[in-house]
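The values are calculated or read from the model by the stated rules, or taken from the named source; none is laboratory data. Just so we're clear, the structure is a prediction, and the values are computed from it rather than from any experiment. All Cβ positions, glycine included, derive from the backbone under ideal geometry; neighbour counts span all protein chains shown. Note: accessible area is taken over every heavy atom of the protein model, side chains too, but ligands, DNA and RNA are not part of it. Shrake-Rupley method; radii C 1.70, N 1.55, O 1.52, S 1.80 Å.
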Amino acid sequence: MLGLMQDRQLLVSGILEHAALNHGEREIVSAMTEGPMHRYNYIALAERSRRLANALSGLGVKPGQCVATLAWNTFRHVECWYAIAGMGAIAHTINPRLFPEQIIYIANHAEDQYIFTDLTFIDQLEAIADQLETVKGFVILTDRDHMPDTSLKNAICYEDLIAEESAAFRWPELDENTACGLCYTSGTTGNPKGVLYSHRSNVLHAMAATGADAMALRSVDNVMPVVPMFHANAWALAYAVPMVGGKLVLPGRHLDGESVYNMLEDEQINFTAAVPTVWLMLLQHMQANDLKLNYLKRVVIGGSAVPRSMIDTFENVYGVEVAHAWGMTEMSPLGTLCNFKAGMENLDKQARLDIKVKQGRVIYPVEIKITDDDGNELQRDGKAFGHLLVRGPTISKAYLKGEGGEILDRDGWFDTGDVATIDPLGFMQITDRSKDVIKSGGEWISSIDLENLAVGCPGVAEAAVIGIAHPKWDERPLLIIVRADGSNVTRDEILAYMDGKIAKWWMPDDIAFVDEIPHTATGKIQKTTLREQFADYKLPTADAAE
Ligand code: AMP
């Protein structure tokens, strides 16, 4: 027998209207590319999103089509999200830090109809516009006064586009499983793959994120998502904060220590979230200028492992509680957060840090388990480590257009590619990644792409790339080279060869020459051995950053 409860669908348009009706007066503050801070509230957000939905219909955008954004966190970007998804189309966030070939690939793969772009990315788009096969036009996220001279075809001013539209728009009662948002992962091999969120997965994920043992968000909170909206849903915050009616502060493009500090103080932020690199810049700025945090109470840090010293500094110097978080694009992205269980608050400082460096406990409705190579589940004893598998309604079951084939096992589990332990209280800790990507400032650099490029350089016999710890960027690539017989190829020649063929920030920080690179039985480069060999290696760029 079925239950007798209402079949109201879980839709992101419902979050928007809930915020407008119940928290209409709460502020949304944005740092703008054009200059001054912009302020309005949830009523205005909903009104303008409805105007934009009408405008999108006028542009001929149909349900199920992708509309892309290349944008920082600002109110206009949030309006795009709600309008595009709310009308039944798909909000495709493109990471502007990808290099041009990847942006071309994913825009064509997603069949993006329009690209909504911040002023900052106009040059980048002009350079690739003629290779974007399905894009009918570009909407520039600005007002008429700031419209640039651009060669982009059909360049439309955002404010002009919505100015004459009606604020009356009835959000369609979509099936909650309708596609809502699209975000490509930068995979280790092959092309990026599209993770296609549904309205249901985004609403469930946002509800999970607000939970008291997750981000514990409330209407009284002033929240600043520093994590960009093009990074896996900004970790739910552009949905979760309107859901609870918190003040939403959007930091725009300047994420350096000083800018972030000023916004934290000026807007009296008590909750924020970003990758470790952002917090490193903030802590350095505060230490150098003898500053303190007057309002910040909690910070969620994830995307890569959070150093113990960072947790220690936040908690014990600045009185800010850290929640270490783990997840991935395919998981919407939140999987675990590290919040204490009963009694742990009273442990001594070192014991508390021992817990806080772990990635934490799973949030409902995510399930996790660890397995050995044969798929047998391993004990939750905090010692056994194995492949970390996940399952749940906020986790991908396939990539867009079936890329990558079948991604779930027989029982519906997804292999994260991470290796972890789980302790008897449920705290998970990542011990390694089975992938070898290099995490630099929260972004991924594919070691395989760099290796493939380097071996193309005359005089290079073999190349391997590993991540070396870096005080500012977390990790930076070290290129390890075996010269071809009789070759004297130099560091500068190899770097000159690579220059221009990859994004600048992908360039290796250093090159080490060796006689041979260790291999596994199946002929793969043995990265674990290389990492041990170069464990104490210091990059020339490390000193400058310290
Ligand atoms: P992405 O899909 O870009 O969000 O990357 C997901 C991957 O980042 C995970 O599979 C992990 O390898 C890594 N990751 C995310 N959060 C953490 C964390 N807190 N500690 C260690 N690795 C992390």
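Which ³J(HN,Hα) values in Hz, rounded to whole numbers, follow from the phi angles of region 198-213 under the Karplus curve 6.51 cos²θ - 1.76 cosθ + 1.60, where θ = phi - 60° and Gly and Pro get x?
Taking θ as phi minus 60°, the curve returns 9, 4, 4, 5, 5, 5, 4, 5, 5, 4, 4, 5, 6, x, 4, 9 Hz for region 198-213.
Mind giving me the FRET efficiency for residue 469 and residue 43? R0 is 60 Å, r the Cβ-Cβ distance, nearest 0.05 is fine.
It comes out at approximately 0.80.
For region 269-402, give me the percentage of DSSP beta bridges that are antiparallel, rounded to the nearest 5 percent.
55
With the other protein chains left in place, how much accessible area per residue, in square angstrom, belongs to the chain at a 1.4 angstrom probe? Write out the running numbers ahead of the final one.
Working: 22950 Å² over 546 residues.
Each residue of the chain exposes 42 Å² on average to a 1.4 Å probe.
List, in order, the whole-Hz ³J(HN,Hα) value for each residue of region 486-503 obtained from phi through the Karplus relation with A = 6.51, B = -1.76, C = 1.60 and θ = phi - 60°; use x for Gly and Pro.
Along region 486-503, the couplings run x, 8, 10, 3, 9, 4, 5, 5, 5, 5, 5, 5, 7, 4, x, 8, 9, 4 Hz.
Compactness ratio of region 280-409: Cα Rg over 2.2 N^0.38 Å, N = residue count?
1.28
Label point 7 Å out from residue 294 along Cα-to-Cβ: which residues of region 246-277 have amide N under 15 Å?
261-270
Using modelled backbone amide H atoms (1.01 Å from N, in-plane), which distant-in-sequence or interchain residues come within less than 5 Å of residue 193's amide H?
185, 187
Could you give the length gained by full extension between residue 22 and residue 536, i.e. 0.36 nm per residue of separation minus their alpha carbon distance, to one decimal place?
Gain on extension, residue 22 to residue 536, equals 179.5 nm.
Between rounded, prolate and oblate, where does region 289-361 land on the alpha carbon gyration tensor, with a ≥ b ≥ c its root eigenvalues, rounded for a/c under 1.5, else prolate if a/b exceeds b/c?
The shape class here is oblate.
What share of Cα pairs, in percent, lie more than 16 angstrom apart in region 327-393?
57
Return the calculated 222 nm mean residue ellipticity for the chain, to the nearest 500 deg cm²/dmol, obtained by summing -39500 (n - 2.57) across DSSP H runs with n ≥ 4 and dividing by the residue count. Walk me through the intermediate numbers first.
Values: 16 runs with 150 residues, N = 546.
Taken over the chain, the calculation gives -8000 deg cm²/dmol.
What number does the chain give for Rg over Rh if you use C-alpha atoms and the Kirkwood radius?
Dividing the radius of gyration by the Kirkwood radius yields 0.96.
Rounded, prolate or oblate: which fits region 1-108, taking a ≥ b ≥ c as square roots of the Cα gyration tensor eigenvalues, rounded meaning a/c under 1.5, else prolate when a/b beats b/c?
Taking the square roots of the gyration eigenvalues as a ≥ b ≥ c, region 1-108 is oblate.
I want to check the label-to-label distance for residue 256 and residue 496. Put each point 7 Å from Cα in the C-beta direction and report it in nm to one decimal.
So the label points at residue 256 and residue 496 sit 3.2 nm apart.
Between residue 503 and residue 177, how many nm apart are label points set 7 Å from Cα along the C-beta direction?
Taking the two extended label points, one gets 3.4 nm.
Which of 6, 482, 390 sits farthest toward the positive end of the charge dipole of the chain, with +1 on the Cβ of Lys and Arg and -1 on the Cβ of Asp and Glu?
6
Working from the pairwise distances between different alpha carbons, so that the mean of 1/r is found and then inverted, what is region 214-266's Kirkwood radius in Å?
It works out to 11.6 Å.
Two decimals is fine: what's Rg over Rh for region 447-545, C-alpha atoms, Kirkwood radius as Rh?
Reported Rg/Rh, Kirkwood definition of Rh: 0.95.
Hand me the tally of lysine pairs in region 454-546: alpha carbons under 22 angstrom apart, and the pair either on different chains or 8 or more positions apart.
The result is 4.
If you rank 193, 62, 341, 247 by how much accessible surface each has, with a 1.4 Å probe, what is the order from largest down?
62, 341, 193, 247
So for each of 458-469, 272-283 I average, over its residues, the number of other beta carbons within 10 Å; can you give me the resulting order with the highest mean first?
In descending order of packing, they fall as 272-283, 458-469.
If I model a spin label as a point 7 Å beyond the Cα along the Cα-Cβ vector, how far apart are those points for residue 123 and residue 406 in nm?
In this crude spin-label approximation the distance works out to 4.9 nm.
Which order, highest average first, do 400-412, 352-364, 205-217, 68-80 follow once you tally other Cβ atoms within 10 Å for each residue and take the mean per peptide?
Working: 400-412: 12.8, 352-364: 19.8, 205-217: 21.4, 68-80: 25.4.
Highest to lowest by the protection proxy: 68-80, 205-217, 352-364, 400-412.
Give the separation of the Cα centroids, region 1-44 to region 461-503, in Å.
Rounded to whole Å, the Cα centres lie 47 Å apart.
What do you reckon, how do 534, 169 stack up by accessible area (1.4 Å probe), largest on top? Intermediate values should be presented prior to the final figure.
Working: 534 25, 169 45 Å².
Sorted descending by solvent-accessible area, the residues read 169, 534.
Through the Karplus equation 6.51 cos²θ - 1.76 cosθ + 1.60, θ set to phi - 60°, convert the phi angles of region 163-179 into ³J(HN,Hα) values in whole Hz; use x for Gly and Pro.
Residue by residue, region 163-179 yields 4, 8, 7, 6, 8, 8, 8, 8, 4, x, 7, 6, 5, 5, 8, 4, 4 Hz.
How high is the FRET efficiency between residue 423 and residue 151 when r is their beta carbon distance and R₀ equals 60 Å, given to the nearest 0.05?
That pair, residue 423 with residue 151, gives E of 0.55.
Can you tell which of 71, 55, 83 lies farthest toward the positive end of the dipole of region 1-86, using +1 and -1 charges on the Cβ of basic and acidic side chains (Lys, Arg; Asp, Glu)?
55
Give the cross-link partners of residue 369 among the aspartates and glutamates, using a straight C-alpha distance below 14 Å as the criterion and excluding same-chain residues fewer than 8 apart.
377, 381, 409, 411, 415, 418, 423
At a 10 angstrom cut-off on C-beta neighbours, averaged per residue, how do the peptides 160-168, 134-142 rank from highest to lowest?
Listed from highest to lowest mean packing, they are 134-142, 160-168.
For region 65-183, divide the Cα radius of gyration by the Kirkwood radius and give the resulting Rg/Rh value with two decimals.
Expressed as Rg/Rh, it is 0.95.
Classify region 166-217 as rounded, prolate or oblate, taking a ≥ b ≥ c as the square roots of the eigenvalues of its Cα gyration tensor: rounded when a/c is under 1.5, otherwise prolate if a/b is larger than b/c and oblate if not. Could you put the intermediate results ahead of the total?
On the way: a/c = 2.53, a/b = 1.21, b/c = 2.09.
Judged from the Cα gyration tensor, region 166-217 comes out oblate (a/c at least 1.5, b/c at or above a/b).
Keeping all protein chains in the complex and leaving out DNA, RNA and ligands, what accessible area do you get for residue 101 with a 1.4 Å probe, in Å² to the nearest 10?
110
Could you pull out every residue, at least 5 positions away or on a different chain, whose amide H is within less than 5 Å of the one on residue 89? Hs are placed 1.01 Å off N in the peptide plane, and Pro or chain starts have none.
For residue 89, the qualifying residues are 64.
Where both residues lie in the chain, what percent of DSSP beta bridges are antiparallel, nearest 5?
So the antiparallel bridges in the chain amount to around 55 percent.
How large, in percent, is the carbon and sulfur part of the accessible surface of the chain at a probe radius of 1.4 Å?
Looking at the chain in its full context, I get 49 percent from C and S.
What is the distance in Å between the Cα centroid of region 67-142 and that of region 260-292?
29
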